[in-house]
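The values are calculated or read from the model by the stated rules, or taken from the named source; none is laboratory data. Note that this is a predicted model, so its numbers are computed, not measured. Here Cβ is always computed from backbone atoms with ideal geometry, including for glycine, and neighbour counts include all displayed protein chains.
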Amino acid sequence: MSSKRASMMPPAPKPPTSLSSSLVIAEHASLTGTKLITLGSNTVIHPRSKLSSAYAPITIGNSCIISERSQIGIQNEPDEEEADPVVIEDGVIIEVGAVVEGKRIGEGSVIEVNAKVGRGAVLGKHCKIGPLCEVAEGEVLPDYTVLFGNGMRRIDNSGVEDLKMKMVARQVEVLRKLIPSKIAKFQ
Amino acid sequence: MSSFTPYTYFQCPCTEASLPNHRNPSQEEPSSSDDDRTFDPRAPRANYSLYPLEHLFYCEDCHQIRCPRCVLDEIVTWYCPNCLFEVPSSSVKAEGNRCTRSCFQCPVCIAPLSVSSLEAPPTGLGYEYAPQNGPFVLNCGYCSWSSKETGIEFEKPNGIFAQLARVKNGGEPILTAKERKKDRERKRDFSGTSAEKEREETPEVEIPREPLDPNEKLDPESQFSNLKAFYQGQLAEASPASALGFTGDYGYGSPGALSRIMGLYTGSTAFDKKVKAKAGTMREAQDALEGLQLTTISEEEEALTKLRTEGWHCTSSASQRAEFLNTNAQFITELRPVAYLLRTKRSKRCRTCRHILSKPESKVSTIRFRIRLVALNYIPSISIKPLQPTSSASSLLQPMRPVQFLLTFKNPLFDSVKVTLATPTKTPGRFASKVTVLCPQFEVGANTDAWDEALREGTGEKRRTKAEASEGQHQAEAGKVWERGRNWVSVVVEVVPASLHIGGPEFLKNEEMKDDEGPLKEDEDVCEIPVFVRVEWEADAAHDESGLGGGGSKEKDVREKRELAYWCVLGVGRIAKV
Ligand SMILES: [Zn+2]
Ligand SMILES: [Zn+2]
Ligand SMILES: [Zn+2]
Ligand SMILES: [Zn+2]
C-alpha cells in the first residue's frame, strides 16, 4: 500500500479521479494514491506538482493554481485514526514547494513558496501563509489571517479580495495558454 | 561547541600614535621601551585597533596602514536604494534624507511597497496599453498591508511622496506648510484687530474651509511647524530690530544674533541689557494654533476601548514605531508608509595627509572604484591552518600538548619582501600559552605574472616544492621555511596551549593570575598570539618624482628601501576546558 511499492511497479496504479473538463493539468504532474482525487473546473496543475491521496482523499475547488514541486495530501501514514481529507476551496494558490496537509484551505488563500500547512489545520478565507511559514497541525486560522516573517501574523483589512480573485482568474487564463493539458492521462 | 575559524587581525598604528608615547624625557629610554612593549590583544583598547586585513586601507603617501578610524569620509552621492535615483545634496538639505519619489517601506514589516490600482485591470483588446485608473494604493507583497487599511488612497500612481504628504491617515487632507502659515497669519490678523492680548476663538465666516479650533488635533508635522512659528514669533517680539535693521528670523545665523555675539567682544552691553529687559515677555504656547497639544481624557478612553475591543494585535511594536517618524503612533492604524532612507557613496581620505584612499564611481549604478588603495594590495596576507590535520571530532586545543600551525604569507607586491616575525614567548593574559615561530625570518617572492614565472624557472620551482612535499612527514625544522611558492611562503609556529586551570600552587601562577583568580571569562579560552611583523622591500622611487621632466627614466633605476612594521593577532583556536 505504500507509495514506494507502487512506484516500483512498472505502470503506476492511477488513483480514482473526478476531473472537470476545463481543468488544466500538465503531463508531468503526479497523482498518486488510492483514494479519490477531485479537481474542479479552471484549476491549473503545474508539471511536477505532487498530489498524493494515499492516506486521505483530496478535493481541489475551481480556479486554483497548484505550482511545481508542491505537495498536496497527507504525506505519511497517520498515527491512529483516519486522516482528515484535504479540501482546497476555490481560487487558492499553492506556490512552489509548499506542503499542504490541512483539512480545509479557505477560498482565495495563498500558500507561499515552501510554506507548510500541517495536518488537520483549517485556514479561513483569503488567508496568506508567507514564504517558509508554517501552520501547526490542527491550527485554526480565522479569515484574512496573514502569516509572515518569523511567526508574525496579522489580519488583513485591505478589502481587496475581490480584486485578488479576479487576478487569479486572469492568471489561470494565461496559464491555460502556456501549459498543455493532458486530462486523458489521469482519467 | 561551535567550530572555531582561525583568524588574523591587523593592528592599525593610529592608536599607537594617539598614545603619549614619548613621555620619557630621556632620549635612549623610549626607543628601547617601545621595542620591548608587547601588544596585548586582550587589552580593552585593542578592540578598537584590530581589523581584518580586508577592512584596512594603505596610504601610499604616508606608507602606513589606515583603518576606518583614521580615514575621513566624504559623501560623493546620495541615492535612493529602491529606485537608484541620485539625489542632489541641495535637495537632501532642503527636503531631508528620504526618497521623495514613490519609494516606501511597509510600516508593518519593512518590505518595499508597490503601487497598485484598486480598479479591476482593463480587459479586452489591447488592454496591456490601456492606462490603469485610480484610485491607487500602496500595498505590501509580503504581509499584504495596504494603505487602504489606514484610509489612504492616491489619485495618481506616481509622485506618491507628495500625495502622501497631503493626506492624514483616514483620508483627511493635511495643510501644507504654506497653507498653515497663511492660516496662522489670518488668525493673527483677525485677533490683532479685535484685541491685542486676547486670543479668543473667533469663527471665521468668510473662509469655511478651516475652522481654527484651539483644541484641534494636529499631526506631528503641523504641530512642529506651528510650534516653530510660534517660537520664532516670540523671539522676534522679544528682540528688537537689530543694529542692521533686521527683525523676524532670530536663528543663530541671523545678522541680529551675529551682531549680538560681536557685541560681547566689543563690550557694548547696551544691546544685551535690552534683550534681558525684554526676555520677560516671552511666554509658552497656549493652543493648537501655537503648537500646544493637550491630551484629553476622552482620547485616552478611546485608546483604552480600542485596546479592549481589538486587542494586542492592533498595537504597533516598538520597532515599528522606531522606523516611523512619529513615535506616538500607538496603533497599527496610525502608522504610515515609511519613505526609503537615502544611502550614500563615500570616498575616504587619509586623516594625516588628506590623500584619497578610496573613491567610488559617482554614478549610482556602477560599483567600480576610481581609487581604491586597500591594504590587501600592499601587505602580505596571513592565513592559518593546523599542520596536522585534526582527525578527531573536537577541534579544541588540548592543554599542554604542542600543536603546530602553518602560517602562509602571501605577497601582493611586485617586489619580493623580507619578512621578520617576532612573538612573545608566552601569550599575554592569565592563561599564557607558549609560542615559538620556527622560522622567524624569510623572504617572500614577488607577485609577478604567474606565466612569466612558469616560463622562466617554473620547472625548477616546481621540483623544489615537490621534493619537499614528497619527503612527506618531514619534521618542521627550526630556521627553515616549510613550503614556498611563487609569491607565498609557509612557516611553522608551535603553540603549547596553557591549561585553563584556575588556582593551583602559587609558584606556577603568573602575575595576572595572582591578581585575578575569578572564573573563566568570555572568550578567555581562545588562544590569541600577538605577532610583530616587519616587512622590508625595495621599491621603485615614489611616483611623483619619476613623473617630473626627463629625469623619469633615470630615476626608475633608483630603488627605494621601504619598511613597514605592525602588530597582528593570530587567533589559532579554543583551548579545551579541564
Ligand atoms: Zn587607524
Ligand atoms: Zn526612491
Ligand atoms: Zn508588509
Ligand atoms: Zn596619508
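So the values come out like this:
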item	result
Unique match (being aromatic (Phe, Trp, Tyr) and either without any contact (Cβ under 8 Å) to a residue 12 or more places away in the chain or at positive phi (or both)) among B:Phe331, B:Phe324, B:Phe369	B:Phe369
Residue list for the stretch B:482-493, filter: under 15 Å from B:Ser383 (Cα atoms) and of a type outside the set (Phe, Trp, Tyr)	B:Glu483, B:Arg484, B:Gly485, B:Asn487, B:Val489, B:Ser490, B:Val491, B:Val492, B:Val493
Pairs where the first residue, in the stretch B:94-115, is aromatic (Phe, Trp, Tyr) and the second is outside any strand (DSSP E or B), C-beta under 6 Å, 6+ apart	B:Phe104/B:Pro337
B:Glu522 vs. criteria farther than 25 Å from B:Leu387 by Cβ and either assigned to a strand (DSSP E or B) or among the charged types (D, E, K, R) (or both)	yes
Residue that is in contact (Cβ under 8 Å) with a residue 40 or more places away in the chain and basic (Lys, Arg), where the choices are A:Arg119, A:Arg104	A:Arg119
Top-ranked residue of the stretch A:137-160 - restricted to ones that are of a type in the set (A, V, I, L, M, F, W, C) and within 22 Å of the chain's Cα centre (by Cα), ranked as farthest from the other protein chains (Cβ to nearest Cβ)	A:Val140
Count of residues meeting criterion [surrounded by fewer than 15 Cβ atoms within 10 Å (Cβ to Cβ) and away from ligand 1 (no atom under 16 Å from the Cβ)] in the stretch B:59-82	3
For B:Phe161: the one exception among (1) assigned to a loop (DSSP other than H, G, I, E, B); (2) away from every other protein chain (no Cβ under 14 Å); (3) at pLDDT 70 or above; (4) surrounded by 12 or more Cβ atoms within 10 Å (Cβ to Cβ)	(1)
Residue match in the stretch A:120-136 (condition: part of a helix (DSSP H, G or I), within 14 Å of another protein chain (Cβ to nearest Cβ) and under 22 Å from A:Ser63 (Cα atoms))	no
Per-region count, the stretch B:398-407, residues of a type in the set (A, V, I, L, M, F, W, C), at pLDDT below 90 and either over 12 Å from B:Lys434 (Cβ atoms) or in contact with a helix residue (DSSP H, G or I) (Cβ under 9 Å, 6 or more places away or on another chain) (or both)	0
Tally, over the stretch A:161-187, of residues that are within 12 Å of chain B (Cβ to nearest Cβ) and charged (D, E, K, R)	6
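Residue by residue, here is whether (1) modelled with pLDDT under 80; (2) assigned to a helix (DSSP H, G or I); (3) more than 16 Å from ligand 4 (Cβ to nearest atom) holds:
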site: B:Tyr250; (1), (2), (3): yes, no, yes
site: B:Val275; (1), (2), (3): yes, yes, yes
site: B:Lys278; (1), (2), (3): yes, yes, yes
site: B:Thr281; (1), (2), (3): yes, no, yes
site: B:Gln286; (1), (2), (3): no, no, yes
site: B:Arg336; (1), (2), (3): no, no, yes
site: B:Lys359; (1), (2), (3): no, no, no
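Matching residues to (1) modelled with pLDDT under 90; (2) more than 16 Å from ligand 3 (Cβ to nearest atom); (3) in contact with a strand residue (DSSP E or B) (Cβ under 9 Å, 6 or more places away or on another chain); (4) outside the structural domain of B:Ala422 (by TED's automatic domain parsing):
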position	(1), (2), (3), (4)
B:Gln11	no, yes, yes, no
B:Tyr48	yes, yes, no, no
B:Thr77	no, yes, yes, yes
B:Pro81	no, yes, yes, yes
B:Gly96	yes, yes, yes, yes
B:Gln105	no, no, yes, yes
